[in-house]
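Here the structure comes first, spelled out in structure tokens, and everything after it is commentary.
The values are calculated or read from the model by the stated rules, or taken from the named source; none is laboratory data. Nothing here was measured: the structure is a model prediction, and the numbers come from that model. As a convention, Cβ positions derive from the backbone with ideal geometry for all residues, glycine included, and neighbour counts pool all protein chains shown.
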Amino acid sequence: MTQQNVVVSDANSRINLQALTAAVSNSINVATAAHKSPAAPPGGAVAGFISIYRNKFLKTLDINGAAKINSLVDSMRASSPSRHHSSTTTLTTSPNDPQHNSWILHHPSALDMFEQIIEASRGKQIVVFLDYDGTLSPIVDDPDRAFMSDAMRKTVRNLARCFPTAIVSGRCRDKVYNFVRLAELYYAGSHGMDIKGPTKISKYNKESKAILFQPACEFLPMMAKVYRLLVEKTSSTPGAKVENNKFCVSVHFRCVDEKKWSELANQVRSVLKEYPKLRLTQGRKVLEIRPRIKWDKGEALEFLLQSLGFANCTDVFPVYIGDDRSDEDAFKKLRERGKGYGILVSKFPKDTSASYSLQEPDEVMDFLQRLVEWKRVSVRTRRFRV
């Protein structure tokens with residue numbers, strides 16, 4: 001059984017800690033089989049729809065021989081949409097394109113469908129979950145400079161005043177907090193393996209409680225060692241950047257010449273073959289090394305809903321917005337729950353379990369601002385009626 005750190009400072013907290021810990025313990029088991037691919041979008045596959053060979057990297061990559069280096073390099077290529085699409089192409093530039101139409105039909109713009117989303121949430125408590133990179137901030141070459149704009153920070157601050165709000169990121173939790181700098185939010189770093197509640201009392205955090213949950217503590221020494229080995233091993237590859245995200249390690253290859261990708265893949269594989277308790281997954285131009293436990297952003301979403309007192313409630317409406325492969329675990333979880341919606345941030349058609357789409361962080365900000373304005377208007381209307 002994987003060790004877990006669970007800290008709740010307020011004995012009167014709404015969290016049923018015993019039930020919560022039992023539920024989490026049942027869900028955290030060492031994963032010995034490859035993960036299943038996400039559920040199909042509503043309506044099933046569309047005949048003639050774009051052949052997205054991203055499916056190769058949607059599955060966990062087996063380090064111990066089942067997946068060859070060539071497959072790993074192919075998946076690295078698949079993580080770069082620009083290889084198949086012009087960098088200036090967006091989902092709206094070719095309205096008559098069959099690929100565009102089939103994808104948009106199943107994943108319409110969340111801005112265009114805002115009223116329908118609000119209607120589905122009537123009578124329920126909206127809870128907002130947000131990825132960071134590519135969702136609240138633009139994707140940049142240097143991950144240490146992925147700053148969010150002041151306008152986005154103001155928008156997220158206003159959002160947290162209206163709805164319980166959490167940031168769920170593959171980044172180390174402390175790094176994400178340093179980027180966002182809002183104490184009233186929940187933060188789930190390392191793909192949900194490092195969760196901490198708000199440190200500032202707010203409308204949705206009135207009980208002065210501190211929540212800390214870390215389901216992979218026993219892996220910390222191993223992750224630190226693997227980080228050092230990867231830094232040393234990849235130092236000969238120009239542009240490669242290894243990032244220590246505490247409970248996971250990220251190897252960024254956005255600035256690596258494609259001719260060097262095979263070399264980088266070999267370097268990563270040579271380190272990880274000695275660590276069968278770790279697994280390799282892939283995001284947007286990044287290879288990610290994580291503990292081989294049954295925990296991801298979808299499990300983090302469930303934990304946070306329980307922490308907020310919405311474990312088995314029918315009157316909760318989660319909205320999860322993200323751009324990365326790792327966000328698919330949360331999108332799939334929402335489909336399984338049958339409550340709430342996932343919103344994918346992407347300019348390009350992708351295989352996804354999200355219900356809606358937005359093209360870029362600016363559209364995310366527009367959507368969040370509309371949520372805030374809708375909430376303020378609805379509150380004023382209720383007060384007027386009273």
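Could you say whether any residue in the range 115-122 is touching a Pro at 6+ places or on another chain (Cβ under 8 Å) and surrounded by 17 or more Cβ atoms within 10 Å (Cβ to Cβ)? I'd like the intermediate steps shown before the answer.
Going residue by residue through the range 115-122, those that are touching a Pro at 6+ places or on another chain (Cβ under 8 Å) are none.
There is no residue in the range 115-122 that is touching a Pro at 6+ places or on another chain (Cβ under 8 Å) and surrounded by 17 or more Cβ atoms within 10 Å (Cβ to Cβ).
To keep it simple, each residue is scored yes or no on (1) surrounded by fewer than 19 Cβ atoms within 10 Å (Cβ to Cβ); (2) of a type in the set (Phe, Trp, Tyr).
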| position | (1), (2) |
| --- | --- |
| Phe147 | yes, yes |
| Ala160 | no, no |
| Val168 | no, no |
| Asp174 | yes, no |
| Ala188 | no, no |
| Lys200 | yes, no |
What pairs come up if the first residue lies in the range 127-147 and is within 13 Å of His252 (Cβ to Cβ), the second is in a helix (DSSP H, G or I) and among the aromatic types (Phe, Trp, Tyr), and their beta carbons are under 8 Å apart, counting only those six or more places apart or on different chains? Ala146/Phe179
Could you please let me know if Glu274 is free of Cβ contacts under 8 Å to residues at least 24 places away in the same chain and in the same structural domain as Ile69 (by TED's automatic domain parsing)? yes
So which residues in the range 337-371 are at pLDDT 95 or above, assigned to a helix (DSSP H, G or I) and of a type in the set (D, E, K, R), if there are any at all? Asp362, Glu363, Asp366, Arg370
Could you tell me which numbered condition Ala311 fails, if it satisfies all but one of (1) at pLDDT 95 or above; (2) among the aliphatic types (A, V, I, L, M); (3) assigned to a loop (DSSP other than H, G, I, E, B)? (1)
Within the range 292-308, track down each residue that is under 16 Å from Gln125 (Cα atoms) and either not assigned by TED's automatic domain parsing to the domain that holds Glu328 or not in a helix (DSSP H, G or I) (or both). Leu308
The lone condition Ile167 fails out of (1) more than 20 Å from Lys285 (Cα to Cα); (2) touching a residue at least 40 places away in the same chain (Cβ under 8 Å); (3) aliphatic (A, V, I, L, M) is (2)
Please tell me if Tyr186 is in contact (Cβ under 8 Å) with a residue 12 or more places away in the chain, over 20 Å from Gly342 (Cα atoms) and of a type in the set (Ser, Thr, Tyr). no
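It is to be established whether one or more residues within the range 332-350 are over 16 Å from the mean Cα position of the chain (by Cα), buried (at least 17 other Cβ atoms within 10 Å of the Cβ) and hydrophobic (A, V, I, L, M, F, W, C).
Yes, because at least one residue in the range 332-350 is over 16 Å from the mean Cα position of the chain (by Cα), buried (at least 17 other Cβ atoms within 10 Å of the Cβ) and hydrophobic (A, V, I, L, M, F, W, C).
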Search the range 207-258 for residues being free of Cβ contacts under 8 Å to residues at least 40 places away in the same chain and charged (D, E, K, R), and hand back the single one that is surrounded by the most Cβ atoms within 10 Å (Cβ to Cβ). Lys233
What are the residues in the range 260-292 that are under 25 Å from the mean Cα position of the chain (by Cα) and among the acidic types (Asp, Glu), if any? Glu288
So which residues in the range 138-158 are assigned to a helix (DSSP H, G or I) and of a type in the set (Ser, Thr, Tyr)? Thr155
